[in-house]
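Visitor: First the structure, then my questions, so here it is.
The values are calculated or read from the model by the stated rules, or taken from the named source; none is laboratory data. Here the structure is a predicted model, which means the values were calculated and not measured. For neighbour counting, all protein chains shown are included, and Cβ atoms are generated from backbone atoms with ideal geometry for every residue, glycine included.
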Amino acid sequence: TNRTFTMIKPDAVAEGHSGAIIKMIEEAGFRIVAVKKVQLTSERAGQFYAVHSERPFYQGLCAYMSSGPIIPMILEKDNAVADFRKLIGSTNPAQAEEGTIRKRFAKSIESNAIHGSDSDENAKIEGDFFFAGIEQF
Ligand code: GTP
Ligand code: MG
């Protein structure tokens, strides 16, 4: 599809970077389909990241992702999933390319400012996790 899903993570929201991050996203040609600000419980964060439940960083990830408000969004653009992964850069900011959102705003491999879906299938699942059908237009 031409859609992807993202969340501005708690560290970036708390530090006041959400405006600058949304500006980078829009300037890269993405249209915001849906947006809101919410705070997950640790349990809901665990459901979202269930694919990582056997990884050693899972508990920390759930604590981090529920530590403050996040800004989930559905985005639209040609080739959205791949182009958005390119825009955000590597998971580990030490390896993130110049000009990427994580290069500019991520602090560590865990507190890395932003999420981007890794496939069309997951973009749909993740968008539906946060937004009702009537919110996705
Ligand atoms: P997302 O867009 O958030 O899914 O990031 P990603 O696809 O680049 O990474 P991945 O799906 O592998 O991991 C999900 C999230 O778990 C990352 O964004 C980090 O916040 C966290 N994470 C991943 N690897 C590590 C790790 O080795 N240590 C810690 N502490 N956190 C990690
Ligand atoms: Mg991922």
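Visitor: Condition test on Ile70, is it within 19 Å of Asp128 (Cα to Cα) and more than 16 Å from ligand 2 (Cβ to nearest atom)?
Guide: no
Visitor: Filter the stretch 113-125 down to residues that are near ligand 2 (Cβ under 10 Å from one of its atoms) and under 10 Å from the mean Cα position of the chain (by Cα) and give me whichever is nearest to Arg85 (Cα to Cα).
Guide: So, considering only residues that are near ligand 2 (Cβ under 10 Å from one of its atoms) and under 10 Å from the mean Cα position of the chain (by Cα), the one nearest to Arg85 (Cα to Cα) is Gly116.
Visitor: Go through (1) assigned to a loop (DSSP other than H, G, I, E, B); (2) farther than 23 Å from Asn2 by Cβ; (3) within 14 Å of ligand 2 (Cβ to nearest atom) one by one and return the number of the condition Ala45 breaks.
Guide: Only one criterion in (1) assigned to a loop (DSSP other than H, G, I, E, B); (2) farther than 23 Å from Asn2 by Cβ; (3) within 14 Å of ligand 2 (Cβ to nearest atom) is unmet by Ala45, namely (1).
Visitor: Right, another one. Pick from the stretch 126-136 the residues that are away from ligand 2 (no atom under 16 Å from the Cβ) and in contact (Cβ under 8 Å) with a residue 24 or more places away in the chain: which of them is surrounded by the fewest Cβ atoms within 10 Å (Cβ to Cβ)?
Guide: Glu135
Visitor: Hey, does the stretch 33-41 have a residue that's modelled with pLDDT under 95, more than 16 Å from ligand 2 (Cβ to nearest atom) and of a type in the set (Ser, Thr, Tyr)?
Guide: No, the stretch 33-41 has no match at all.
Visitor: I've got another one for you. Go through the stretch 115-130 and give me each residue that's more than 12 Å from ligand 1 (Cβ to nearest atom) and closer than 20 Å to Val38 by Cα.
Guide: Lys124, Ile125, Gly127, Asp128, Phe129, Phe130, listed by residue number.
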